[in-house]
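Inspection log for the structure reproduced underneath, given as structure tokens.
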Amino acid sequence: MAPIDIALVLLVNLAWGFNFVAAKVAVNELPPMLLTGLRFCLLGLMLAPLIPRVPRDQIKAVLLVTVFAGILHFGLLFIGLGLVDDVSSAAVAIQLNIPFVTILSVVILKETIRWRRILGIVLAFAGVFVIGFDPRVFSYVDGLLLCVSAAFAMAIAMIIMRRMKGVGVFTLQAWMGLVTGPAMILISLLFETGQVTAIEHATWIGWGGLAFTIFGSSLIGHAGNFRLLQRYPVTLTAPMMLLAPVLGIFFGVTMLGDAFTTRMIIGSAMTLAGVGIIMLREKKILGDAP
């Protein structure tokens, strides 16, 4: 993996790690469907002037990504964030997209993984489980199940993105905004209440959280991840994103007052070690290539 792409991996993880905090504070002030709709409407309006033409044979794929990565993933995730007690548990649950996407990539894309990378994936994923194994989660299991469903939706979207050809990073983001935004606003009008009151009483913290989900998570995080998916196998890029929940826990502890335990320290170390094995193994493979 090129040094610039390793830096991009770290930047994406940083953006997504902090996004758990930003989304949590925003969803505490704005209904989740409304929040998702506003996020993507604003994103679409920002990027609309930059949209080049999408190849005709890729239109179906783009629309499927807007459904799975936009409507389903973010809709379910933001509802889940509103139900869980802390961002740490949500950060852990959403990383289940890693085994989901690995299984799908092997079955659908016929990608292969050798034992060292499997070891790295298992170690990293085991670290996430160590972090998340807490009896408290049973008090808000509905929120966690929604986060798990959001993870599966994103895994499907990642497989579709991996197979895309001729679709630029910001083209995809613009389409997601223009399709997902109005759809989520409509869903909010049908199933949520109190939108006007929430908007009138939202503080700068809530609006700041919304702004970060647009600029940090979408324009940096998802755009960067899309670039990586276009250049490297899903089985390599997906496990590297396990740094995001570690950073999410760190920001949750330092900024929201989440509990910091020995379990979190051990789990974070396991996750970092697993990601390190994956990155070093890929460097060796590329170094041995003719």
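Please give the direction-averaged projected area of the C-alpha convex hull for the chain, in square nanometres with one decimal. Mind dumping the intermediate values first?
Values: hull surface 61.2 nm².
One quarter of the hull surface, i.e. the mean projection, equals 15.3 nm².
So which trypsin sites (Lys or Arg not before Pro) in segment 40-148 end up in coil per DSSP with only 15 or fewer other C-beta atoms within 10 Å?
On the way: sites: Arg53, Arg56, Lys60, Lys110, Arg114, Arg116, Arg117, Arg136; in loops: Arg53, Lys110, Arg114.
Hits after loop and neighbour filter: Arg53, Lys110, Arg114.
Divide by every residue of the chain the summed helix terms, -39500 (n - 2.57) for each DSSP H run of at least 4, and state the resulting mean residue ellipticity at 222 nm, rounded to the nearest 500 deg cm²/dmol. Kindly include the intermediate steps, with their values, before the conclusion.
Working: 15 runs with 215 residues, N = 290.
Roughly -24000 deg cm²/dmol at 222 nm, from the helical runs in the chain.
Across segment 3-288, how many lysine pairs, 8 or more positions apart or on different chains, have C-alpha atoms separated by under 24 Å? Please give the number.
Details: Lys60/Lys110; Lys60/Lys165; Lys110/Lys165; Lys110/Lys283; Lys110/Lys284.
Lysine pairs satisfying the spacing and distance rule in segment 3-288 number 5.
Please report the relative contact order for segment 82-174, taking Cα pairs under 8 Å with a sequence separation of at least 6, and give it as a percent rounded to a whole number. Please report the intermediate quantities before stating the final value.
Working: 57 pairs, mean separation 48.9, N = 93.
Value for segment 82-174: 53 percent.
Among Pro233, Pro49, Pro32, which one moves the most in a GNM of the chain with springs linking Cα atoms closer than 10 Å?
Comparing Pro233, Pro49, Pro32 in a Gaussian network model of the chain, the most mobile one is Pro49.
Over the chain, what is the relative contact order in whole percent, taking alpha-carbon pairs under 8 Å and six or more residues apart? Please list the in-between numbers first.
On the way: 447 pairs, mean separation 121.5, N = 290.
RCO, the chain: 42 percent.
So how strong a dipole does the chain carry about its Cα centre when Lys and Arg Cβ are +1 and Asp and Glu Cβ are -1, to the nearest 20 debye?
On the way: 19 positive and 13 negative charges, 252 e Å.
Using only the charged Cβ atoms, the result is roughly 1220 debye.
Over segment 1-109, what relative contact order in percent results from Cα pairs under 8 Å that are six or more residues apart? All intermediate terms of the calculation are to be shown ahead of the outcome.
On the way: 30 pairs, mean separation 44.6, N = 109.
For segment 1-109, the relative contact order is 41 percent.
With springs connecting C-alpha atoms under 10 Å apart, model the chain as a Gaussian network and identify which of Met33, Met154, Met46 has the largest mean-square fluctuation.
Among Met33, Met154, Met46, the largest mean-square fluctuation in the Gaussian network model of the chain belongs to Met46.
For segment 193-272, which trypsin sites (Lys or Arg not before Pro) are both in a DSSP coil and crowded by at most 13 other Cβ atoms within 10 Å? Walk me through the numbers before you get to the answer.
Working: sites: Arg227, Arg231, Arg263; in loops: none.
Here no trypsin sites (Lys or Arg not before Pro) fit, given the DSSP loop and packing criteria.
Can you compute the charge dipole magnitude of segment 42-185 about its Cα centre, using +1 on each Lys and Arg Cβ and -1 on each Asp and Glu Cβ, nothing else charged? Give it in debye, rounded to the nearest 20. Walk me through the numbers on the way to the answer.
Numbers: 11 positive and 6 negative charges, 170 e Å.
The calculation lands at about 820 debye.
For the chain, with the dipole built from +1 on Lys and Arg beta-carbon atoms and -1 on Asp and Glu ones, taken about the Cα centre, which of Val106, Ile185, Met161 lies farthest toward the positive end?
Val106
Give the shape of segment 1-72 as rounded, prolate or oblate, defined through the alpha-carbon gyration tensor: a ≥ b ≥ c are the square roots of its eigenvalues, a/c under 1.5 means rounded, and otherwise the shape is prolate if a/b is larger than b/c and oblate if not. Could the numbers behind the result be given before it?
Details: a/c = 2.01, a/b = 1.08, b/c = 1.86.
Judged from the Cα gyration tensor, segment 1-72 comes out oblate (a/c at least 1.5, b/c at or above a/b).
Every number in this text was worked out from the coordinates using simple rules, so none of it is lab data. Because the structure is predicted, anything quoted here is derived from the model rather than measured. Cβ sites come from the backbone with ideal geometry, for glycine too, and all protein chains shown count toward neighbours.
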